[in-house]
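Report on the structure given below.
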Amino acid sequence: MGVIIGPRVIDAGVSLLSVLVAPVPVAAGYPSPAQDYFDGRIDLNEHLIKDISSTYVVRVTGESMEGAGISDGDELIVNRALEPTDGSVVVAVLDGELTIKRLRITPDGAVLQAENPKFPDIRVPALSDLVIWGVATRCLHHV
Amino acid sequence: MRRMPQIAHVDVNCFYASAERAFNPSLEGRPVIVLSNNDGCAVTRSPEAKALGIAMGEPWFKLAPRAKEWGLVALSSNYELYGDISARVMELLGRYSAWLEVYSIDEAFLGVKGTPTELLALGRAMKAAVRRNVGVPVCVGIAPTKTLAKLANKWAKNNPAFGGVCHWDSVPAAVREDLMGRLSVEEIWGIAGRLTRRLNALGIFTIADLAGVDPVTIRDKFNVVVMRTVLELQGTPCIPMEEERIGRDQLIFSRSFAKPITTTAGIRQVMSVYGQQAAARLAKHGLQAKILTAFAGTSHFNPKDTSYPSVCVPLPMPTADPVILTKAAHALLPRIVEGIRYARAGIMVTDLRPTGNQAPLSLFENPHEERHIGELLEDVTRRYGRGSIGLGFAGIRGGPDWTMKGDMLSPRYTTHWDELPLVKAA
């Protein structure tokens with residue numbers, strides 16, 4: 001049974017986002033001296049997801065953001081509640097598609113900047129024409 | 001100055017279509033319909049689809065031949081997506097009021113207080129936050145009673161001048177009376193078709209007519225439910241909160257507690273009771289559910305330490321099994337904060353479908369049953385005749401485009417790791 005808590009996905013009792021950081025109590029006789037110090041596992045949700053109802057996970061296709069450390073196939077944590085500012089890595093709506101770029105706000109309007117010299121920047125003359133879907137806060141890069 | 005509490009009614013515009021658009025912006029501005037279970041008929045229509053004259057419940061086979069010409073996009077019901085988006089909307093709304101009743105998958109009532117200016121600002125803030133943070137559009141109606149709040153919301157939706165937020169008391173009395181005098185009684189929450197005919201027979205045609213009658217007379221001629229509606233139209237709140245409801249495609253259990261519950265163990269017990277009740281009700285209606293949403297909330301008497309946890313759980317198969325439903329409802333427990341005074345909790349089961357002939361509790365799930373291969377075969381055979389489809393060696397001989405059924409289901413963007421929304425880096 002998949003359990004979804006906001007954007008989290010936990011499958012069949014295996015918590016994908018939990019990491020054991022303290023030894024479990026030993027089974028026989030002795031109480032483990034570590035037991036008193038075990039205060040739960042690191043919960044990546046707690047650290048990576050600040051706003052549960054506003055956070056989505058998306059997957060990247062393409063290489064235009066390699067310079068920002070975002071590769072084809074990586075997952076991004078996107079918070080829709082954040083205000084995009086100059087320099088934010090954003091998911092923008094371009095021609096009906098979700099597109100990842102770095103937002104630059106200039107006196108002449110906005111620029112959606114690629115982080116790979118092989119890809120062009122996209123100029124948006126009026127900031128109001130730009131639909132920002134969300135602000136990326138983390139990249140889950142496959143190593 | 002102390003003001004009487006008011007009720008805000010918030011609902012998502014064309015919920016299912018809007019949830020799809022949140023992840024597929026290319027659907028923006030296009031006619032979109034979402035089809036019922038088994039792709040039978042349209043259950044949600046975007047405004048563009050309504051403008052084409054597509055009626056609620058119109059069967060897909062009638063629309064399909066013209067879909068291409070219209071540019072109409074038809075989608076299968078993606079209840080996992082809708083359940084998660086619903087849980088997000090409710091969680092977000094819970095931040096605006098310590099008193100929230102999840103009324104259905106896409107609507108909620110909230111207790112609110114303030115001056116007319118503050119209430120309008122609150123309504124606009126909620127609307128903006130849901131749109132921006134979750135990604136779906138809502139309208140808000142605020143009024144002294146639930147019935148009027150529903151009506152105010154309807155006005156907010158249908159009249160662009162309101163900007164999607166209508167505060168009943170801020171609308172000039174003359175405008176209110178004019179609108180109520182022009183709207184049929186059918187437009188009121190809880191007045192159904194048969195009741196309308198009986199009211200019409202008594203010379204009650206418009207909302208204004210009904211608001212003008214004597215509540216006691218109406219109780220004698222009809223029943224206490226209609227009397228309450230009249231009282232609510234007159235501004236006296238009297239619709240009890242939190243009843244068990246069965247809707248088109250959902251069943252909700254939600255109750256306030258006599259005493260607040262402050263422990264996870266206590267909530268576990270409540271969830272277990274609801275899980276079993278839901279199972280019993282589903283069985284009684286011959287239904288099985290595919291999605292369960294569980295939620296809890298703190299009281300409006302205690303504006304500090306508010307907490308509105310909710311979870312959406314896709315079930316492993318359509319089920320009315322109490323063990324599975326209860327286990328699923330327990331997914332809420334890790335989100336319960338010990339020591340917080342929870343005043344209410346509930347569960348909602350959605351993606352309901354008629355009970356098949358599966359065993360009630362199958363420890364060894366049949367993957368074909370789980371994927372409804374049987375149902376699909378039956379459907380295709382019924383529609384296109386025997387021999388149009390078969391399993392394995394009984395298989396395909398070419399022919400009708402039956403695979404479309406699968407194509408119309410959008411990804412489960414927020415609940416399945418391998419179906420995440422794709423963003424282009426190009």
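The values are calculated or read from the model by the stated rules, or taken from the named source; none is laboratory data. Note that the structure is predicted; figures quoted are calculated from it, not measured. Methodologically, a virtual Cβ is constructed for each residue, glycine included, from the backbone with ideal geometry; neighbour enumeration extends over all protein chains shown. For accessibility, only protein heavy atoms count, side chains too; no ligands or nucleic acids. Shrake-Rupley method; radii C 1.70, N 1.55, O 1.52, S 1.80 Å.
When segment A:63-80 is limited to residues that are open to solvent by 20 Å² or more (accessible area, probe 1.4 Å) and within 9 Å of another protein chain (Cβ to nearest Cβ), the one that is farthest from A:ARG138 (Cα to Cα) turns out to be A:GLU63.
The test for being at pLDDT 90 or above and touching a strand residue (DSSP E or B) at 6+ places or on another chain (Cβ under 9 Å) does not hold for B:LEU92.
Looking at segment B:104-115, can you tell me whether even one residue there is in a loop (DSSP other than H, G, I, E, B) and surrounded by 24 or more Cβ atoms within 10 Å (Cβ to Cβ)? Within segment B:104-115, one or more residues are in a loop (DSSP other than H, G, I, E, B) and surrounded by 24 or more Cβ atoms within 10 Å (Cβ to Cβ). Are any residues in segment B:59-70 touching a residue at least 12 places away in the same chain (Cβ under 8 Å) and either part of a helix (DSSP H, G or I) or of a type in the set (S, T, N, Q) (or both), and if so, which ones? Listed by number, the residues that qualify are B:TRP60, B:PHE61, B:LEU63, B:TRP70. Taking A:VAL60 as meeting all but one of (1) modelled with pLDDT under 95; (2) more than 20 Å from B:ARG88 (Cβ to Cβ), write down the number of the exception. With respect to (1) modelled with pLDDT under 95; (2) more than 20 Å from B:ARG88 (Cβ to Cβ), A:VAL60 is out only on (1). Annotation note: Cβ proximity below 6 Å between a residue of segment A:111-138 that is over 19 Å from A:THR55 (Cβ atoms) and away from chain B (no Cβ under 12 Å) and a residue that is among the β-branched types (Val, Ile, Thr) and open to solvent by less than 90 Å² (accessible area, probe 1.4 Å) (sequence gap 6+ or interchain) occurs for A:ASP121/A:VAL111; A:ARG123/A:VAL111; A:LEU130/A:VAL124.
Yes/no matrix, rows are residues, columns are (1) in contact (Cβ under 8 Å) with a residue 12 or more places away in the chain; (2) open to solvent by 20 Å² or more (accessible area, probe 1.4 Å); (3) over 20 Å from B:TRP189 (Cβ atoms); (4) within 16 Å of the chain's Cα centre (by Cα):
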position	(1), (2), (3), (4)
B:ASP39	yes, no, yes, no
B:ALA55	yes, yes, yes, no
B:LEU72	yes, no, yes, no
B:GLY83	yes, no, yes, yes
B:ARG88	yes, no, yes, yes
B:ARG131	no, yes, yes, no
B:VAL138	yes, no, no, yes
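Restricting the first member to segment B:313-331 and to residues that are closer than 15 Å to B:PHE253 by Cα and within 10 Å of chain A (Cβ to nearest Cβ), and the second to residues that are small (Gly, Ala, Ser) and part of a helix (DSSP H, G or I), the beta-carbon pairs closer than 9 Å and six or more apart or on different chains are B:ALA328/B:GLY275; B:HIS330/B:SER272; B:HIS330/B:GLY275.
Of the residues making up segment B:41-53, those that are free of Cβ contacts under 8 Å to residues at least 40 places away in the same chain and not polar (S, T, N, Q) are B:CYS41, B:ALA42, B:ARG45, B:PRO47, B:GLU48, B:ALA49, B:LYS50, B:ALA51, B:LEU52, B:GLY53.
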